[in-house]
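Take a look at the structure below.
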Amino acid sequence: MNWQAVKSIYNFEMQRTRRSLMQSIISPVVSTLLYFVVFGSAIGSRIQEVDGIDYGAFIVPGLIMLTILTQSVSNASFGIYFPKFTGTIYEVMSAPISFFEIVLGYVGAATTKSMILGIIILITASFIVDVTIAHPILMMVFMLLTCISFSLLGFIIGIWADSFEKLQLIPLLVVTPLVFLGGSFYSVSMLPDIWQTITYFNPVLYLVSGFRWAFFEMSDVSPVVSLVAVSVFLFGCLAVIYWMFKTGYKLKS
Amino acid sequence: MKPIISIQNLSKIYEGGFTALDDVNLEVGEGEIIALLGPNGAGKTTLISTICGIINASSGQVRVNGFDIVKDFRQTRSIIGLVPQELTTDAFESVWDTVSFSRGLFGKSKSPKLIEKILKDLSLWDKKDSKLMTLSGGMKRRVMIAKALSHEPRVLFLDEPSAGVDVELRKDMWRVVEELRQTGVTIILTTHYIEEAEAIADRIAVINRGKIVLVEDKAELMQKLGKKTLTVQISKELKSIPKALSKYNLELSDDKMSLTYAYDASGKRTGITSLLSDLSTAKILVRDIETKQSSLEDIFVGLVSEGAGS
């Protein structure tokens, strides 16, 4: 293992976050606080409880998921797309470093950023609503697995994209709608039957559901199913990235 | 000389069907400086990029220091440094950070002393904290060289390093190349500046349309292919070349005041003595004599135009 290279890529990416602190950390936190105001105060005043849980607290796992999913995708995709765009990717491609080490560096940094954001949002939320976490370790495991798997998805998007428009396409048209329709702000049981069935095809439901179970011991699907789903997604993304490096897809001519 | 790079039957055909490399065979000895010459689109950058792992070869094999560039990529890439043709830099990084990043990427632990030496050698020390976007094109080129040297490579590829840089940097770079040569670093240089190849290379390889047209020791090449010409200035205008001098294939200048004679300098007899004697016999008075050796550029142009014609 070329740990020195992994560390270099990781530090380089984290340095980028420090340089753009406003954009990387503060802006998502402000957005999340706005969600709390809109969903927690405006809608929450009409919906007191969901399955016995205060609505304000109920949306906390969903809000954290919304942020870490979108941020994981955007950080990881930008991280690999930017060197492709500027041409500096030649250095990574000509270095004595394997695909796994490259992924570890870029995805590791994107995951760290998302985890930091998730924890900041959780702390911020605890000042606004009363949040109790039934299974803190499991909650962290879910958060970590989600950050890793969606950072991997972002990495794939970053390699696939050959323009800034494409870089935004999947996060805007696929990821964000899936998060909103994945039970972030409501329980699936609140939906009509047909929409419930459709929602079960949404992979984000399993993430939000498992994550919420770690908080309140209640969820739309079993936490075991959620854990399996996120693991399958993670290994699926890894397999795609392996193929991309093996064939040189959009990386080598 | 033990080869550090061995290229066998290397071909690269791009998706569109364009053949960039066509059955290339080449060996580069350890510690030598080889200049790869060729017109635009000849395959120079493709060849370098393939050896460095940036482009996948269609067929053939490349070994660096005895290791296969695909199977043993860690061993091969760890000793290779690359200065690409394009000025690609991270605009927001500082000079120090970007050079240190390159060293780490190649698995080397931090070495501030070495980075300091490299930056000083390339006259970049006073710019170490400057962001790359604030640097001029020439300074960026120096940074690219510093990045490539940061992990102490044994093989260095310089892909048109002098493109768009001033004379000062070119000379700085030649000095760095000379220092590297003394430490045993093998250098493969592509350039459009023939005088650059002439000044620093040990061997010349000419590539055209993806094929290696010629690989030759520079001095031998100059001797073998380099024609010498003798120009004789005469004191009176000559209407035509006398029949007695026809065996010399002389060329009469437009102003009819000089005769040019091409000869093989490496031959036992150059024919100069007999020419001068015959000129005297023909009552042609000589005012001045000048000899000139054809440059590498003349040889290169000759080779490439031959290839284009075939």
Qualifying trypsin sites (Lys or Arg not before Pro) in segment B:178-279, DSSP loop, other Cβ atoms within 10 Å at most 12: B:236, B:239, B:268, B:269
Projected label distance in nm at residue B:19 and residue B:249, using a 7 Å step from Cα toward the beta-carbon: 3.3 nm
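For the protein assembly as shown, give me the percentage of DSSP beta bridges that are antiparallel, rounded to the nearest 5 percent.
70 percent
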For segment B:36-51, Karplus couplings with θ = phi - 60° (6.51, -1.76, 1.60), whole Hz, Gly/Pro x: 9, 10, x, x, 4, x, 6, x, 4, 5, 4, 4, 5, 4, 5, 5
Dipole in debye (nearest 20) - the protein assembly as shown, about Cα centre, beta carbon charges: Lys, Arg +1; Asp, Glu -1: 1140 debye
Residue B:156 long-range amide H proximity, modeled H, under 5 Å: B:81, B:186, B:187, B:188
Protection proxy ranking of A:209-218, A:95-104 - average other beta-carbon atoms within 10 Å, highest first: A:209-218, A:95-104
Estimated 222 nm signal from helices in chain B, with DSSP H stretches of n ≥ 4 weighted -39500 (n - 2.57), rounded to 500: -10000 deg cm²/dmol
Compactness index (Cα Rg / 2.2 N^0.38 Å), segment B:119-210: 1.11
Förster radius 35 Å - calculated FRET efficiency between residue B:40 and residue A:240, Cβ distance, rounded to 0.05: 0.40
Pairwise centroid distance, computed over Cα atoms, of segment B:67-110 with segment A:1-75, Å: 34 Å
Inter-part distance where segment A:167-211 and segment B:1-54 are each reduced to a Cα centre, Å: 52 Å
Two-site FRET efficiency, residue B:27 against residue B:163, from Cβ-Cβ distance with R₀ of 35 Å, rounded to 0.05: 0.85
For segment B:84-89, Karplus couplings with θ = phi - 60° (6.51, -1.76, 1.60), whole Hz, Gly/Pro x: x, 5, 6, 7, 10, 9
For residue B:22, residues with placed amide H under 5 Å, excluding near neighbours: B:12, B:211
Semi-axis lengths (Å, descending) of the ellipsoid that matches the C-alpha gyration tensor of segment B:3-223: 28, 20, 17
Most positive-pole-ward Cα, B:149, B:188, B:214, against dipole of segment B:141-232 from beta carbon charges: B:214
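Taking 0.36 nm per residue of separation and subtracting the Cα-Cα distance, what length does fully extending residue A:119 through residue A:135 add?
4.3 nm
All other residues with a Cβ under 9 Å from the Cβ of residue B:22 taken together, and with Lys, Arg as +1 and Asp, Glu as -1, what is their net charge?
+2
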Unit charges at the beta carbon, dipole of chain B: most positive-side option, B:109, B:244, B:272: B:272
Phi to ³J(HN,Hα) by Karplus 6.51 cos²θ - 1.76 cosθ + 1.60 over segment B:115-131, Hz, x for Gly, Pro: 4, 4, 4, 4, 5, 5, 4, 9, 6, 10, 4, 6, 10, 4, 9, 6, 6
Helix-only CD estimate at 222 nm, as mean residue ellipticity for chain A, using -39500 (n - 2.57) per DSSP H run (n ≥ 4): -23000 deg cm²/dmol
Ordering of A:79-90, A:125-136 by burial proxy (mean other Cβ atoms within 10 Å per residue, highest first): A:79-90, A:125-136
Cα-only radius of gyration and Dmax that characterise segment B:227-293, units Å: 11.2, 33
5 angstrom amide H check on residue B:207, placed H, neighbours 5+ away: B:37, B:38, B:213
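Roll a 1.4 angstrom probe over the protein heavy atoms and tell me the percent of accessible area of segment A:3-247 that is carbon or sulfur.
Carbon and sulfur atoms account for 71 percent of the accessible area of segment A:3-247.
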Pair residue B:217, residue A:37: separation of 7 Å Cα→Cβ label points (nm): 8.1 nm
Cα-projected label distance for residue B:276 with residue B:94, points at 7 Å along beta-carbon direction, nm: 6.7 nm
Calculated log₁₀ intensity ratio I(q)/I(0) where the Debye formula runs over C-alpha points of the protein assembly as shown, q = 0.11 Å⁻¹: -1.00
Estimated buried accessible area (total), pair B and A, 1.4 Å, Å² to nearest 100: 2500 Å²
Peptide-level mean, for B:81-87, of C-beta atoms on other protein chains within 10 Å: 2
Rounded Å value of the spacing that divides the Cα centres of segment B:236-270 and segment B:122-189: 47 Å
Peptide A:2-12, shielding by other chains (average Cβ, 10 Å cutoff): 5
Cβ-Cβ FRET estimate between residue A:98 and residue A:197, R0 fixed at 51 Å, reported to 0.05: 0.75
Exercise: per-residue mean of other protein chain Cβ atoms within 10 Å, B:53-65: 2
Å² of accessible area per residue within segment B:143-284, as computed with a 1.4 Å probe and no ligands counted: 50 Å²
Reach of residue B:239 by Cα under 22 Å, taken over lysines that are not fewer than 8 positions away in the same chain: B:247, B:256, B:283
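The values are calculated or read from the model by the stated rules, or taken from the named source; none is laboratory data. Quick caveat, the model's predicted, so the values are computed rather than measured. With ideal geometry, Cβ positions are generated from the backbone for all residues, glycine too; neighbour counts draw on all protein chains shown. Calculation scope for accessible area: heavy atoms of the full protein, side chains included, ligands and nucleic acids excluded. Shrake-Rupley method; radii C 1.70, N 1.55, O 1.52, S 1.80 Å.
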